[in-house]
Amino acid sequence: MIHPKRKKVERTVFFVSDGTGITAESFGQSLLAQFEGYEFQHVTCPYIDSAEKTAEIISQIHNTHKLEQIQPIVFMTVLIEDVSEALHQSGAYIVDLFQSFLPGLEQQMGEHPLYKPGKKRSTAHSHSYNRRIEAVQFALENDDGARTRYYDKADIILLGASRSGKTPTCIYLGLQFGIFAANYPITEEDFEGSLALPKPLLPYREKLFGLTINANRLSGIRHERKPDSRYASSQQCHFEVQAIEQLYRRENINYLTTTDSSVEEIATRVMSLTDLKRRLK
């Protein structure tokens with residue numbers, strides 16, 4: 001007997017922080033990824049550092065609870081005592097990262113933590129901060145093959161079909177690792193005549209890394225952007241994916257599939273499969 005596939009339950013998750021919220025979001029998403037029966041709606045709330053902002057977030061939590069009739073989940077990295085206490089009394093299911101780990105570390109270190117918001121940012125080396133900014137700017141300026149004259153400055157050049165994950169991966173590589181990443185889309189026009197590496201890429205073979213994706217998944221992503229178009233058709237997506245993977249093998253370009261991976265996972269795997277090293281101190 002074939003059992004019907006269970007419909008996923010929608011559930012709202014809040015990521016609340018008195019800083020950027022990146023830590024709460026990254027940690028929370030890693031945990032939530034272990035639960036396949038839910039469709040999580042993410043609400044990120046950075047810089048919650050006042051009574052007014054806290055009241056606004058708690059109002060959202062209460063409204064969500066009434067609407068969904070299920071306890072909202074809150075992942076939080078909050079060191080401001082008044083904000084933290086108010087959130088703990090909000091009626092949400094709280095995952096407090098600092099409260100979970102700081103007491104144990106305090107005992108291990110034999111020293112009281114500072115409980116100072118933004119300490120990570122204040123102690124960060126200015127070199128690392130500047131490198132992040134420059135790397136993200138490089139990714140944006142060298143996105144989608146718009147420019148190729150700066151490829152000599154790139155640490156890596158990602159290849160792949162349109163909508164295979166190149167742009168977000170480049171930005172993440174810059175933000176989290178300080179990597180100067182450019183990307184170049186392999187399109188149908190590149191296969192006209194013969195299956196060969198596009199000329200602008202020839203001088204940079206050692207920097208090339210390929211991304212691929214399941215053709216049906218690619219078609220679904222493209223339909224969200226251009227519904228019922230040739231660009232999104234299953235036939236076109238299968239043609240492009242097969243041709244691009246053939247090109248990778250022919251040119252001996254290392255590549256990986258992005259089908260079931262998050263941007264974080266893709267970027268981490270790119271780092272592990274290449275000689276790239278983290279450029280941040």
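Taken together, the values in this text are just the output of simple stated rules run on the coordinates, not laboratory data. The structure displayed is predicted, hence computed values, not measured ones. Every residue, glycine among them, receives a Cβ derived from its backbone with ideal geometry; neighbour counts consider all protein chains shown.
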Using the Cβ atoms and a cut-off under 10 Å, what net charge is assigned to the surroundings of residue 178, where Lys and Arg are +1 and Asp and Glu are -1?
+4
Counted neighbours (other Cβ, 10 Å), sorted fewest up, put 233, 84, 162 in the order 233, 162, 84
How many percent of Cα pairs in region 12-69 exceed 17 Å?
44 percent
Ranked by GNM mean-square fluctuation in the chain (Cα springs under 10 Å), the top entry among 92, 267, 51 is 51
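So what's the back-of-envelope 222 nm ellipticity for the chain, counting only DSSP H runs of four-plus at -39500 (n - 2.57) apiece and dividing by all residues, rounded to 500?
Mean residue ellipticity at 222 nm (helix-derived): -13500 deg cm²/dmol.
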Rg in Å to one decimal, and Dmax rounded to a whole Å, for region 9-122 via C-alpha atoms:
14.4, 46
Between helix 215-225 and the chain: long-axis angle, C-alpha atoms, 0 to 90°, nearest 10:
70 degrees
How compact and how long is region 227-281, expressed as Rg and Dmax of its alpha-carbon atoms in Å?
15.1, 47
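Once you order the gyration tensor axes a ≥ b ≥ c over the Cα atoms, which shape class does region 179-281 get: rounded for a/c under 1.5, otherwise prolate or oblate by comparing a/b with b/c? All intermediate terms of the calculation are to be shown ahead of the outcome.
Working: a/c = 2.18, a/b = 1.31, b/c = 1.67.
Because a/c hits 1.5 or more and a/b fails to exceed b/c, region 179-281 counts as oblate.
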For the chain, calculate the relative contact order in percent as a whole number, restricting contacts to Cα pairs under 8 Å that are 6 or more residues apart.
14 percent
If the reach is capped at under 19 angstrom between alpha carbons, list the aspartates and glutamates near residue 281, excluding any in the same chain fewer than eight residues apart.
134, 155
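Fewest first, what order do 271, 109 take by the number of other Cβ atoms within 10 Å?
Numbers: 271 17, 109 10.
Exposure proxy ranking, most exposed first: 109, 271.
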If neighbour count is taken as other Cβ atoms inside 10 Å, put 170, 237, 45 in order from fewest to most.
45, 237, 170
Which of the peptides 140-153, 173-186 is most tightly packed, and how do the rest follow, going by the mean number of other Cβ atoms within 10 Å of each residue?
173-186, 140-153
Listed by chain and number, the residues whose amide H is under 5 Å from that of residue 212, excluding neighbours fewer than 5 places away on the same chain and using placed H, are 256, 257, 258
